[in-house]
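J.: Okay, handing you the structure first.
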Amino acid sequence: MIHRSILKELALSLLLSILFLNFTLMMEKLLRLSRVLSGVGTSVADIAKIILYLQPQILILTIPMAMLLSVLLTYGRMNTDNEMIVLRGSGMSFRGISTPVVYLGIACFVLSLAMSFYLSPKGSALLRGKVSEMLTTRAPMTIEEGIFNTAFKDIVILVKEKPAPDKLSGIFIVDERKKEEHKVIVAKEGRIIPEQESLAFSLSSGHIYITKKDIFTDIAFGKYHFKLNPPVGSAEKKNSELTPMELLAASKKSPEKRVQFLLEFYRRLSMPAICLIIIFLGPSLSLMVGKSGRLGGLTVGLSVFAVYYTLLLYGENLARSGQLPHLAGAWMAFAVLGLFSLFVFERVNKK
């Protein structure tokens, strides 16, 4: 009965923590995407789909963090209300008091593993496809007569007339995608041509003015194919879109990128496994924090993950530079956090 009551409070705290953390991280990703999609004309349905596709990627990070916060908040409250003293005074061991965290940790581990292995790669692929679709199908509609269009990064487009949705005349384009080389393109007329994950202009009767350092070049053309690359990546799958089995297969096919693929594979395993470490770390830290309240638990929880992610990135960078074997670099942060968790758990259990 006591365990069930604690588990209910843990589950509620977990849900609230996930909502809080997801909202915080999601806003950062949405702001980044807004720079890509600005001027394209996104609808409420598009935003809803983007938020949905982002969830698996975010949940990989937030489930372990939310679990630790929920344990710290729940057991911290019990400690503040002297419930921990009453339970231990009644003969219940610290291991027994921590039993509900075991159930929560296993559930979070399974859920996080599903996100990491299946839902996250699928969500990443769907997200990129949705953004590419919006850019290629709706960006032409944003090109209006006599108005500067900046829907594409480092490119400014101005047209004098737009006789049809895909036809333009009096075209002026500034291309600054190459910082050391600036292009100004002027064309009498052109046509918008959608391509795979990009857009292109088929221009006719114009000039290309290229400035590179102190060199100025003027090129006249009859026909010119100007390609706009949406800043969402190439057609090749990103690491985040590959399943664990695809990552292992790719590491064998591409020796020069083997470490990159393996580090991504190990991260897919280590992130869910943090939930198992928190089974030992959470209850122990809640007693060590003492009666500092919810703010103390939140601060400690976020500090633990800040240190963990710093060590994770440091280990992966050492592996990429060849200073550590990829296996050691990928699991260094996990090993440090695991040993620390076991140490503090045994220390608190013996008191």
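Readers should treat all values here as calculations from the given coordinates under stated rules, not as data from a laboratory. Computed from a predicted model, the values in this text were never measured in an experiment. Cβ: placed from backbone, ideal geometry, glycine included. Neighbour counts: every protein chain shown.
J.: Using a Gaussian network model on the chain with a 10 Å cutoff between Cα atoms, which of 167, 153, 212 fluctuates the most?
T.: Maximum among the listed residues: 212.
J.: Can I ask one more? I want to verify a result. In a Gaussian network model of the chain, Cα cutoff 10 Å, which of these has the top mean-square fluctuation: 80, 24, 211?
T.: 211
J.: Please compute the contact order of the chain in relative form: average sequence separation of alpha-carbon pairs under 8 Å and at least six residues apart, divided by the residue count, as a percent.
T.: Relative contact order here is 18 percent.
J.: To continue, here is another question. Work out how much length residue 156 to residue 227 would gain on full extension: take 0.36 nm times their residue separation and subtract the Cα-Cα distance, in nm to one decimal.
T.: 24.2 nm
J.: Taking the Cα centre as origin and putting +1 on Lys and Arg beta-carbons and -1 on Asp and Glu beta-carbons, what dipole magnitude results for the chain, to the nearest 20 debye?
T.: 740
J.: Put one equal scatterer on each alpha carbon of the chain, apply the Debye formula with no solvent term, and list log10 I(q)/I(0) at q = 0.08, 0.09, 0.11 1/Å to two decimals.
T.: With one equal scatterer per Cα and no solvent, log10 I(q)/I(0) is -0.56, -0.67, -0.85.
J.: Related question: Against the 2.2 N^0.38 Å scaling, with N counting residues, where does the stretch 42-187 land? I'd like the Cα-based Rg ratio to two decimal places.
T.: 1.87
J.: Does anyone have the angle between helix 120-142 and the longest principal axis of the chain? Alpha-carbon axes, 0 to 90°, nearest 10?
T.: Computed tilt is about 30 degrees.
J.: Given a 10 angstrom Cα cut-off, can you work out which residue in 336, 44, 174 is the most mobile in a GNM of the chain?
T.: Result for the chain, Cα springs under 10 Å: 44 fluctuates most.
J.: Give me the lysines in straight-line cross-link reach of residue 29: C-alpha distance below 29 Å, same-chain residues under 8 apart excluded.
T.: The qualifying lysines are 49, 122, 130, 153, 178, 179, 227, 237, 238, 257.
J.: A follow-up question, please. Roughly how many nanometres apart are two label points built 7 Å out from the Cα toward the Cβ at residue 15 and residue 321?
T.: Using points 7 Å along Cα→Cβ, the separation is 4.6 nm.
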